[in-house]
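The values are calculated or read from the model by the stated rules, or taken from the named source; none is laboratory data. The structure displayed is predicted, hence computed values, not measured ones. Neighbour counts are summed over all protein chains in view; Cβ atoms, including those assigned to glycine, are modelled from backbone coordinates with ideal geometry. Ligands, DNA and RNA are excluded from the accessible area calculation, which covers all protein heavy atoms including side chains. Shrake-Rupley method; radii C 1.70, N 1.55, O 1.52, S 1.80 Å.
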Amino acid sequence: MYELIEKLVNVYGAAGRESAVADTLETLLKGHVDDMRRDAMGNLIVQKRGSDPQGKRVMLSAHMDHIGFVVVAVEKEGFLRVMPVGGVGVESGRTRHVYFQHGVHGVIVQQPVPQGETPAMRHLFIDIGAASDEEALARVSLGDVAVYANDCFRLGEHRVAAPAMDDRVACALLVSVLLALDQPRHTVIGVFSTQEEVGCRGAKTAAYAVEPDVGIALDVTAHGDTPETKLPAVKLGQGAAVKIMDRGSISNPEVVQELLAAGERAGVKTQREVLPFGGTDAGAMQLTRSGVRVGTVSIPCRYVHSACEVIDLRDVEAARALLLEYLTSF
Ligand code: CO
Ligand code: ZN
């Protein structure tokens, strides 16, 4: 699982610019699914046909996109001004290594904040080593998006830190579930969605096309196990989190029960997750057509939306076992 995660976190894929991630996933899944296509939003949609013609359609969605910084202006000294793409914090954008799709690297820096002002995006700039606006514009264009540079490493025995863990860890999980699924009774549609970080836009159109009976989002969730953070009551290493609700969706209670029961049958640890903020592709799926029963299986993650998002590999394995049991047991 580590190798798969490492491979996927190291691919450039800001929101709206996910094609390299989709290319990588396509290579991994080619020959292992019944069909595979991309839609106008850039979603990669793959399918494993169920053996039962009366079977259900289950959509599993993991988003490919990653938060970033879009260039909005260039100073005459060559520094780039930026706006956020998705929920990227000013705090975590201090003096970090970033890079652009076409390979230009930079350092994102916070300039001194004038007294009385709170740190904001307007205080950040990217230094790409250019001495003038002309030199900068020869290497980047307005609208180019920088993301935190690749830096995937092991943390202790079971944990891994990297930017883009949200949500490539779930892309890796979904790939490994699809590869392991053998002749499912129900049709399983894997959606690697786009633009989740700016409002679950890819999942919205994908769910409309897929017409699922059940939609399960696979995503990271926040942690409540560092000294000053107690909510959500979710801990790394304590198993897959089954979401009860967040700001974007209230999971269908039966789906929650089925997921928890599947975890129990699979013999893995699960946690009940109530997240006071945030949302997943489940929020978009549930409001598709005349409504869809949804749930979310989450991977607990520390420091979400920073350059060092930390997960525990045991939780990913637990989620994998839970999903395989769930998909073959009803
Ligand atoms: Co996110
Ligand atoms: Zn996410």
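Could you list all residues from the stretch 266-280 that are touching a Gly at 6+ places or on another chain (Cβ under 8 Å) and open to solvent by less than 80 Å² (accessible area, probe 1.4 Å)?
Across the stretch 266-280, the qualifying residues are V268, T270, Q271, G278, G279, T280.
Filter the stretch 77-89 for residues that are open to solvent by less than 80 Å² (accessible area, probe 1.4 Å) and assigned to a strand (DSSP E or B) and give the result.
Result: L80, R81, V82, P84, V85.
Please determine whether any residue of the stretch 140-157 is within 13 Å of the chain's Cα centre (by Cα), over 30 Å from M83 (Cβ atoms) and touching a residue at least 60 places away in the same chain (Cβ under 8 Å).
no
So V310 ticks every box in (1) outside any helix (DSSP H, G or I); (2) touching an Asp or Glu at 6+ places or on another chain (Cβ under 9 Å); (3) within 16 Å of ligand 1 (Cβ to nearest atom) but one. Which box is left unticked?
Exception for V310: condition (2).
Just a yes or no: is a residue in the stretch 192-213 open to solvent by less than 20 Å² (accessible area, probe 1.4 Å), away from ligand 1 (no atom under 16 Å from the Cβ), over 23 Å from P300 (Cβ atoms) and not in a helix (DSSP H, G or I)?
Looking through the stretch 192-213, at least one residue is open to solvent by less than 20 Å² (accessible area, probe 1.4 Å), away from ligand 1 (no atom under 16 Å from the Cβ), over 23 Å from P300 (Cβ atoms) and not in a helix (DSSP H, G or I).
Tell me, please, whether a residue that is crowded, with 17+ Cβ neighbours inside 10 Å, polar (S, T, N, Q) and assigned to a loop (DSSP other than H, G, I, E, B) can be found in the stretch 20-37.
There is no residue in the stretch 20-37 that is crowded, with 17+ Cβ neighbours inside 10 Å, polar (S, T, N, Q) and assigned to a loop (DSSP other than H, G, I, E, B).
Return the residue satisfying two criteria in turn: it lies in the stretch 218-265 and is charged (D, E, K, R) and more than 22 Å from T288 (Cβ to Cβ), and of such residues it is most open to solvent (accessible area, probe 1.4 Å).
Here the residue is E228.
Would you mention how many residues in the stretch 106-132 are over 14 Å from G78 (Cα atoms), in contact (Cβ under 8 Å) with a residue 12 or more places away in the chain and not aliphatic (A, V, I, L, M)?
Looking only at that region, the number is 5.
To keep it simple, each residue is scored yes or no on (1) touching a residue at least 60 places away in the same chain (Cβ under 8 Å); (2) within 16 Å of ligand 2 (Cβ to nearest atom); (3) over 16 Å from R168 (Cα atoms); (4) not acidic (D, E).
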site: N10; (1), (2), (3), (4): yes, no, no, yes
site: H32; (1), (2), (3), (4): yes, no, yes, yes
site: R37; (1), (2), (3), (4): no, no, yes, yes
site: Q54; (1), (2), (3), (4): no, no, yes, yes
site: K76; (1), (2), (3), (4): no, no, yes, yes
site: P84; (1), (2), (3), (4): no, yes, yes, yes
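Considering only the stretch 151-162, I want to know if a residue exists there that is open to solvent by 10 Å² or more (accessible area, probe 1.4 Å), part of a helix (DSSP H, G or I) and closer than 28 Å to I5 by Cα.
Checked against the condition, which is being open to solvent by 10 Å² or more (accessible area, probe 1.4 Å), part of a helix (DSSP H, G or I) and closer than 28 Å to I5 by Cα, the stretch 151-162 yields no hits at all.
Looking only at the stretch 214-246, count how many residues are within 13 Å of ligand 2 (Cβ to nearest atom), of a type in the set (D, E, K, R) and part of a loop (DSSP other than H, G, I, E, B).
Selection size over the stretch 214-246: 1.
Of the conditions (1) open to solvent by 40 Å² or more (accessible area, probe 1.4 Å); (2) within 16 Å of ligand 1 (Cβ to nearest atom); (3) in contact with a His (Cβ under 6 Å, 6 or more places away or on another chain), I67 satisfies every one except a single condition; which number is it?
With (1) open to solvent by 40 Å² or more (accessible area, probe 1.4 Å); (2) within 16 Å of ligand 1 (Cβ to nearest atom); (3) in contact with a His (Cβ under 6 Å, 6 or more places away or on another chain) applied to I67, the lone miss is (1).
Identify, by number, the condition in (1) under 23 Å from L323 (Cβ atoms); (2) out of contact with any Gly (no Cβ under 9 Å at 6 or more places or on another chain) that M59 doesn't meet.
Exception for M59: condition (2).
Which residue is modelled with the lowest pLDDT, if the candidates are limited to the stretch 274-299 and must be of a type outside the set (V, I, T) and more than 17 Å from the chain's Cα centre (by Cα)?
Ranking the candidates gives P276 first.
Taking the stretch 168-191 as the region of interest, how many residues are over 17 Å from G31 (Cα atoms), open to solvent by less than 10 Å² (accessible area, probe 1.4 Å) and more than 16 Å from ligand 1 (Cβ to nearest atom)?
Of the residues in that region, 1 qualify.
Which ones in the stretch 90-142 are at pLDDT 95 or above and surrounded by fewer than 13 Cβ atoms within 10 Å (Cβ to Cβ)?
Result: G129, A131, E134, A138, S141, L142.
Has the stretch 264-275 got at least one residue that is part of a helix (DSSP H, G or I) and of a type outside the set (D, E, K, R)?
Within the stretch 264-275, one or more residues are part of a helix (DSSP H, G or I) and of a type outside the set (D, E, K, R).
Conditions: (1) among the small types (G, A, S); (2) touching a residue at least 60 places away in the same chain (Cβ under 8 Å); (3) within 16 Å of ligand 1 (Cβ to nearest atom). G248 meets all but one. Number of the miss?
The single condition G248 does not satisfy is (2).
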